[in-house]
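The values are calculated or read from the model by the stated rules, or taken from the named source; none is laboratory data. Please read these numbers as outputs of a predicted model, since none were measured by experiment. Ideal geometry is used to build each Cβ from the backbone, glycine not excepted, and the neighbour counts take in all protein chains shown.
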Amino acid sequence: MKARILLALVFAAGLSGCSTISGWFGSSSTEIKPAALTAFHPTAKLVKAWESDIGSGGTYEFSPGTDGQAVYVADKEGHLAKLDLATGKALWKIDTGHVLSTGVGVGDDLVLVGTPKGQVLAYKSDNGQPAWTANLSGEILVPPVVGEGVVAARGNDGNIWLLDAKDGKQRWVYNRLLPALILRVPSDLLLNERGLFAGNPGGTLVGIALNNGAPAWETAVAQPKGATELERISDITGPLAANDHLICAAAYQGRIGCFDQVSGNPVWVRPFSGLTGVDRGGDYLYASDEHGTVESFGMESGAIQWKQDALRDRKLTTPVEVDNYVAVADYQGYVHLLGRDDGQFAARAETDGSAVDGNLLALRRGLIVQTAKGGVFAFRIE
């Protein structure tokens, strides 16, 4: 994925300015060839229910969001739209007047997007009218999250903010120093009644108290190793996953594991290197490693249930559980459906041929996909 193969160089602790460096994960002489798609006997169908479009994401990643009634999508050029969940028809579409760098967060009757200048923009979900703007710092590269009457957002400068959902006023800011080299895409935030959870550059997972922004605990998912700064990159990236008492994460060049939400103590960890985070489905945890092997783990035990390596190096999204299946999408816009119990291919569908860079939006009997070109596709499972 375009954004995920870039690194941010932080010149000095405490400075928010940074530059991006490409080409660190290989050269033309060592180019990795993605696996060709293999034939299989379909046991299900991914049927396109509707198709819509928004603008291109450019060098940024955009993911659709939902409130259960509609789908919300955004693009780099500042467009934000509300689509009918059943038909894909645009219920409203606005031009925010800003270049956008991430979206879409949805909740508490708000739709939230972020900008490269560190702004969080909130709009009313019913009509698209502006609700408030919060001026923060650092590029906002993962969608803000909302719940419990608050909005949480993070910049790529090491800051995480908690804002009041009513007016965007700051309640607190959590700050940490960054390693010399970090992956450009940070970990998503996860917010629940117990606190705010964030994966950090350097491989630590932190639970933050909602009342004052103090870290309740911090634990290592990965330990940086190696002689060079490049070898020592061990960032947690992508979505986190949780059930009623565990919080789970995966780190690049590190480990995958689940931890107690209250204490941060590890319940299980195992070696793993991933770039796209984790997702939970019932009693299982799903992740794709850096080379595209999709794995299913017992969430409570960490026991490996199955592995599927036929999509090797196809730059997969985070696997998500949909109905009785696990869905992933790749750099050519294909959506793959795997059996939840065995990881075998069940169905495959095309989109517009461009990469799916953001997260898939899982529904009860289907999913929504947003491509790099700006195509928005709804599929139902039959």
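Within segment 361-382, restricting attention to residues that are over 15 Å from Glu51 (Cα atoms) and either without any contact (Cβ under 8 Å) to a residue 12 or more places away in the chain or surrounded by 17 or more Cβ atoms within 10 Å (Cβ to Cβ) (or both), the residue that is farthest from the chain's Cα centre (by Cα) is Ile381. Taken as a whole, segment 51-71 holds no residue that is outside any strand (DSSP E or B), farther than 30 Å from Arg348 by Cα and touching a Leu at 6+ places or on another chain (Cβ under 9 Å). For Leu85, the criteria (1) in contact with a strand residue (DSSP E or B) (Cβ under 7 Å, 6 or more places away or on another chain); (2) over 20 Å from Ala349 (Cβ atoms); (3) of a type outside the set (Gly, Ala, Ser) hold in every case but one, which is (2).
Considering only residues in segment 194-245 that are within 20 Å of Val146 (Cβ to Cβ), among the aliphatic types (A, V, I, L, M) and more than 21 Å from the chain's Cα centre (by Cα), the one that is surrounded by the fewest Cβ atoms within 10 Å (Cβ to Cβ) turns out to be Ala209. Candidates are the residues of segment 316-329 that are surrounded by fewer than 23 Cβ atoms within 10 Å (Cβ to Cβ) and either closer than 20 Å to Lys33 by Cβ or charged (D, E, K, R) (or both); the one that is modelled with the lowest pLDDT is Asp323.
Cβ-Cβ contacts under 9 Å between residues 6 or more apart (or on different chains), taken from a first residue in segment 237-256 that is without any contact (Cβ under 8 Å) to a residue 12 or more places away in the chain to a second residue that is in a loop (DSSP other than H, G, I, E, B), are listed as Asp244/Gln261.
Taking strands (runs of 3 or more DSSP E) as the structural unit, those lying wholly within segment 275-382 and holding at least 3 residues that are farther than 29 Å from Gln69 by Cβ correspond to 284-289, 294-298, 304-308.
If the condition is being outside any strand (DSSP E or B), in contact (Cβ under 8 Å) with a residue 40 or more places away in the chain and on the phi < 0 side of the Ramachandran plot, then segment 121-143 contributes Ser125, Ser137, Leu141, Val142, Pro143. Checked against (1) over 23 Å from the mean Cα position of the chain (by Cα); (2) under 29 Å from Lys373 (Cβ atoms); (3) of a type outside the set (Lys, Arg), Gln170 passes all but a single condition, namely (2). Taking each residue of segment 109-120 that is on the phi > 0 side of the Ramachandran plot and looking for partners that are at pLDDT 95 or above and not small (Gly, Ala, Ser) with beta-carbon atoms closer than 6 Å, six or more apart or interchain, yields Gly118/Leu136.
Selection over segment 86-108 of residues that are in contact (Cβ under 8 Å) with a residue 40 or more places away in the chain, surrounded by fewer than 24 Cβ atoms within 10 Å (Cβ to Cβ) and not in a strand (DSSP E or B) gives a count of 2. Filtered by the rule that a residue be aromatic (Phe, Trp, Tyr) and over 25 Å from Cys258 (Cβ atoms), segment 302-357 gives Tyr331, Tyr334, Phe345.
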